[in-house]
1. Consider Ala154 carefully, then state whether it is touching a strand residue (DSSP E or B) at 6+ places or on another chain (Cβ under 8 Å), part of a loop (DSSP other than H, G, I, E, B) and open to solvent by less than 20 Å² (accessible area, probe 1.4 Å).
2. Of all residues in segment 224-241, how many are modelled with pLDDT of 95 or more and either more than 28 Å from the chain's Cα centre (by Cα) or open to solvent by 80 Å² or more (accessible area, probe 1.4 Å) (or both)?
3. Of the residues that make up segment 304-314, is at least one in contact (Cβ under 8 Å) with a residue 12 or more places away in the chain, open to solvent by 20 Å² or more (accessible area, probe 1.4 Å) and assigned to a loop (DSSP other than H, G, I, E, B)?
4. Would segment 279-302 turn up any residue that is surrounded by fewer than 21 Cβ atoms within 10 Å (Cβ to Cβ) and in contact with a Leu (Cβ under 9 Å, 6 or more places away or on another chain)?
5. Any idea how many residues of segment 315-333 are among the small types (Gly, Ala, Ser), surrounded by fewer than 18 Cβ atoms within 10 Å (Cβ to Cβ) and in contact (Cβ under 8 Å) with a residue 24 or more places away in the chain?
6. Sort through Arg93, Arg33 and tell me the only one that's modelled with pLDDT of 95 or more, open to solvent by 70 Å² or more (accessible area, probe 1.4 Å) and either in contact with a helix residue (DSSP H, G or I) (Cβ under 6 Å, 6 or more places away or on another chain) or at positive phi (or both).
7. Every residue in segment 341-364 that is open to solvent by 40 Å² or more (accessible area, probe 1.4 Å), in a loop (DSSP other than H, G, I, E, B) and modelled with pLDDT of 95 or more, please.
8. So is Arg189 at pLDDT 95 or above, open to solvent by 50 Å² or more (accessible area, probe 1.4 Å) and under 17 Å from the mean Cα position of the chain (by Cα) or not?
Amino acid sequence: MSLTERAQELQPELVRLRRALHREPELGLDLPRTQEKVLAALDGLPLEITLGKGLSSVTAVLRGGKPGGAVLLRGDMDALPVTEQSGVEYASRVPGAMHACGHDLHTAGLVGAATLLAERREHLQGDVVFMFQPGEEGHNGAGAMIEEGVLDAAGKPLDAAYALHVAANTLPGGWVATRPGTVTSASDRMTVTVRGKGGHGSTPFSAKDPVPVACEIVTAVQTWVTRRFDLFDPAVVTVGTFHAGTQANVIPETATFEATIRSYSETVHERLVEGLPKLVRGIAEAHGVQAEVAYSVEYPVTVNAPDETAFAIDTARDLLGHDVVWQAPNPANGSEDFAFVLQRVPGAMLMVGAAPEGADLVQGPMNHSPLAVFDDAVLARQAVLLSGLAERRLAQGTTA
């Protein structure tokens, strides 16, 4: 029986798991109920399982029946602090939490791959590490698992690492896209507090109003990134929060905003880290107030190894069909802590379309939307692709 045929047999079981995860989402690094569901799904498979100490991770190692190298497959498990509005019958039962980025599909798909590979264990030319990871959404769960030894779990160097990420729009359901080099952006966070001198709204000249200064900084940041960076190696700054004051006739002491910063190369990233705080402080100083800047580097650029990307594209085309796999011309604008794995192990991340049939791929709800809906039909395809990548990459040996 082929991988595809067996995956289709597993599909109902994977749907049940995915929907159980979707109904009971958990946030951050502590996912005890999610971990419990994963362990139950893996029960009975010939896996060496290690649980995380500082987080609810699951590392499972499958020993192949033949000697060889090792490959890692990653699936993230955490949800987002979003109140679901999708209307699906298996919607989140947890107020303020939702699998709005499809990590429930990633988890179920990785369970499917573990099942398929376990059934083909005698023919595997090496070992497979299954990385069930919490805390991708801003908590650096990948970094925490690396610190706890996931990259050493096989007891030998990893030859390659792969991960999939579903998309609620952009790609038709079941399609696959990736590219060599930068595949997702770096992500930083900047928090700015402008400190002035409070006073009465009728006499601004006797105060030092931080609000217009903060507003000017927001506008200046947007202009700066369009004039200082190459159009083809850009930076994106989005101010997501802005807070100041308590009522109309009171000039507040402070105005605070937070921004997310995206970049697609390390050169641009370094310039942002140095240049943005300098710009902010300079504008504040010109107005006679102070600006406190907290700039935190979160996730680096996710970089696919060219050889591993070419291998992944060829494998996906062979398993899923040439017409539904394409090389993306540009990186995705999101960020990923799988970047930390790919800094240490050559590999690739691939996007998989999970838009429901007939969905508007341009205007339809995207990942992170409370209206996002992902099609269960991609579960078997994820399992096939992940297991095929691992099996075929092990067969290549350690010289590719």
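1. Details: touching a strand residue (DSSP E or B) at 6+ places or on another chain (Cβ under 8 Å): yes; part of a loop (DSSP other than H, G, I, E, B): yes; open to solvent by less than 20 Å² (accessible area, probe 1.4 Å): yes.
Yes.
2. 0
3. Keep residues of segment 304-314 that are in contact (Cβ under 8 Å) with a residue 12 or more places away in the chain, which gives 304-313.
Checking the rest, the ones that are also open to solvent by 20 Å² or more (accessible area, probe 1.4 Å) come to 305-307, 310-311.
If we keep only those that are assigned to a loop (DSSP other than H, G, I, E, B) as well, we get 305.
There is at least one residue in segment 304-314 that is in contact (Cβ under 8 Å) with a residue 12 or more places away in the chain, open to solvent by 20 Å² or more (accessible area, probe 1.4 Å) and assigned to a loop (DSSP other than H, G, I, E, B).
4. Scanning segment 279-302 turns up at least one residue that is surrounded by fewer than 21 Cβ atoms within 10 Å (Cβ to Cβ) and in contact with a Leu (Cβ under 9 Å, 6 or more places away or on another chain).
5. First pass over segment 315-333, keeping only residues among the small types (Gly, Ala, Ser): 316, 321, 328, 332.
Applying the additional criterion that residues be surrounded by fewer than 18 Cβ atoms within 10 Å (Cβ to Cβ) yields 321, 328.
If we keep only those that are in contact (Cβ under 8 Å) with a residue 24 or more places away in the chain too, we end up with 328.
Selection size over segment 315-333: 1.
6. Numbers: Arg33 fails: either in contact with a helix residue (DSSP H, G or I) (Cβ under 6 Å, 6 or more places away or on another chain) or at positive phi (or both).
Among Arg93, Arg33, only Arg93 is modelled with pLDDT of 95 or more, open to solvent by 70 Å² or more (accessible area, probe 1.4 Å) and either in contact with a helix residue (DSSP H, G or I) (Cβ under 6 Å, 6 or more places away or on another chain) or at positive phi (or both).
7. Those that are open to solvent by 40 Å² or more (accessible area, probe 1.4 Å), in a loop (DSSP other than H, G, I, E, B) and modelled with pLDDT of 95 or more: Gln343, Arg344, Pro346.
8. Numbers: at pLDDT 95 or above: yes; open to solvent by 50 Å² or more (accessible area, probe 1.4 Å): yes; under 17 Å from the mean Cα position of the chain (by Cα): yes.
So Arg189 fits the description; yes.
The values are calculated or read from the model by the stated rules, or taken from the named source; none is laboratory data. Note that the structure is a prediction, hence the values are computed from the model and not measured. Positions of Cβ are backbone-derived with ideal geometry, glycine not excepted, and every protein chain shown enters the neighbour counts. Remember, those area values only see protein heavy atoms, side chains included, never the ligands or the DNA or RNA. Shrake-Rupley method; radii C 1.70, N 1.55, O 1.52, S 1.80 Å.
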